[in-house]
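Report on one structure; see the data block that follows.
The values are calculated or read from the model by the stated rules, or taken from the named source; none is laboratory data. Note that this is a predicted model, so its numbers are computed, not measured. Cβ: placed from backbone, ideal geometry, glycine included. Neighbour counts: every protein chain shown.
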Amino acid sequence: MKDRFFYPLLVLVIAGILALALLPGSRHTNLQPDEITRVGYLLSGSDLQKLTAAPGTEVSFKGGGEGVPLLAVLSSNNPRKFAPASAGVFSTLGPNYEAGFGGYDLEITITARAGQEKPLAEFKAGYFTVGVGDSGWKNFTLSEDFKDYSFTFKPNPPKSKPGNDFVGIWPGDEGKSNIMELKSIKIKVIQ
């Protein structure tokens, strides 16, 4: 392919990749903060494909056929202490979520199990905001069967224009590519 075609095409592909990376937070932007406070947040089924894997982590998907729910398969290929600071494999919540959840006690629930192959023993989960406080990582021990793993956190209200919030999972501190399977991420206001 000639350079005059290759480089413009390359720019279009990169722009498309960037647009898709920013897309996960836009799914619920039509919900108003008071609706978000009332109904919460749920990421499950085909929406799991909106998860983003930061450097050092990986996400793939299995199932999704007729009668078989889609699952996200998470692992880490780099020890967390050597990876750049990030939210691991994360779900992006748009600015309306930061406005809706800010100042309320939240219950964050991860429904997951150890992988069927190369099972992961433990994972970390956290709730992260842009500049108004993070939950920090919470440790959980995985079981062979799907189980709800929950923690609570109260994010501060946004100081100015709301930004994105993130629910992150770090699948294994050691980075040995052991696997966990994720069924859903739920957030509800408990106050």
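Restricting attention to segment 95-145, which residues are crowded, with 21+ Cβ neighbours inside 10 Å, under 12 Å from residue 172 (Cα atoms) and free of Cβ contacts under 8 Å to residues at least 60 places away in the same chain? Matches in segment 95-145: 123, 125, 142.
Scoring residue 60 on the criteria (1) among the small types (Gly, Ala, Ser); (2) modelled with pLDDT under 95; (3) farther than 21 Å from residue 151 by Cβ leaves a single failure, condition (2). You will find that of 37, 52, the residue that is closer than 12 Å to residue 90 by Cα, among the polar types (S, T, N, Q) and at pLDDT 75 or above is 52 and no other. Considering the conditions (1) among the aromatic types (Phe, Trp, Tyr); (2) farther than 17 Å from residue 76 by Cβ; (3) surrounded by 19 or more Cβ atoms within 10 Å (Cβ to Cβ), residue 166 is excluded by exactly one of them, (2). Across segment 71-109, the qualifying residues are those that are of a type in the set (A, V, I, L, M, F, W, C) and part of a helix (DSSP H, G or I), and the one among them that is nearest to residue 32 (Cα to Cα) is 99.
Considering only segment 75-94, I want to know if a residue exists there that is modelled with pLDDT of 90 or more, out of contact with any Lys or Arg (no Cβ under 7 Å at 6 or more places or on another chain), farther than 21 Å from residue 131 by Cα and among the aromatic types (Phe, Trp, Tyr). No, because not a single residue in segment 75-94 is modelled with pLDDT of 90 or more, out of contact with any Lys or Arg (no Cβ under 7 Å at 6 or more places or on another chain), farther than 21 Å from residue 131 by Cα and among the aromatic types (Phe, Trp, Tyr). Return a yes/no flag: does segment 130-145 have any residue that is under 23 Å from residue 46 (Cβ atoms) and part of a strand (DSSP E or B). No, there is no match, as no residue in segment 130-145 is under 23 Å from residue 46 (Cβ atoms) and part of a strand (DSSP E or B).
Determine whether segment 77-94 contains at least one residue that is on the phi > 0 side of the Ramachandran plot and surrounded by fewer than 20 Cβ atoms within 10 Å (Cβ to Cβ).
Taking segment 77-94 and keeping what is on the phi > 0 side of the Ramachandran plot, we get 88.
Add one more test, that the residue is surrounded by fewer than 20 Cβ atoms within 10 Å (Cβ to Cβ), and what stays is none.
Within segment 77-94 (the criterion being on the phi > 0 side of the Ramachandran plot and surrounded by fewer than 20 Cβ atoms within 10 Å (Cβ to Cβ)), the answer is no, since none of the residues qualifies.
Looking for something of a type in the set (Gly, Ala, Ser), under 23 Å from residue 31 (Cβ atoms), modelled with pLDDT of 90 or more and in contact with a helix residue (DSSP H, G or I) (Cβ under 6 Å, 6 or more places away or on another chain) - is there at least one such residue anywhere in segment 97-116? Lay out the reasoning, then the answer.
At the first step, the residues of segment 97-116 found to be of a type in the set (Gly, Ala, Ser) are 99-100, 102-103, 112, 114-115.
So of that shortlist, the ones also under 23 Å from residue 31 (Cβ atoms) come out as 99-100, 102-103.
Add one more test, that the residue is modelled with pLDDT of 90 or more, and what stays is 99-100, 102-103.
Still in the running and in contact with a helix residue (DSSP H, G or I) (Cβ under 6 Å, 6 or more places away or on another chain): 99-100.
Scanning segment 97-116 turns up at least one residue that is of a type in the set (Gly, Ala, Ser), under 23 Å from residue 31 (Cβ atoms), modelled with pLDDT of 90 or more and in contact with a helix residue (DSSP H, G or I) (Cβ under 6 Å, 6 or more places away or on another chain).
From the list 58, 66, the one residue that fits, being in contact (Cβ under 8 Å) with a residue 24 or more places away in the chain, out of contact with any Gly (no Cβ under 8 Å at 6 or more places or on another chain) and either farther than 17 Å from residue 183 by Cβ or assigned to a loop (DSSP other than H, G, I, E, B) (or both), is 58.
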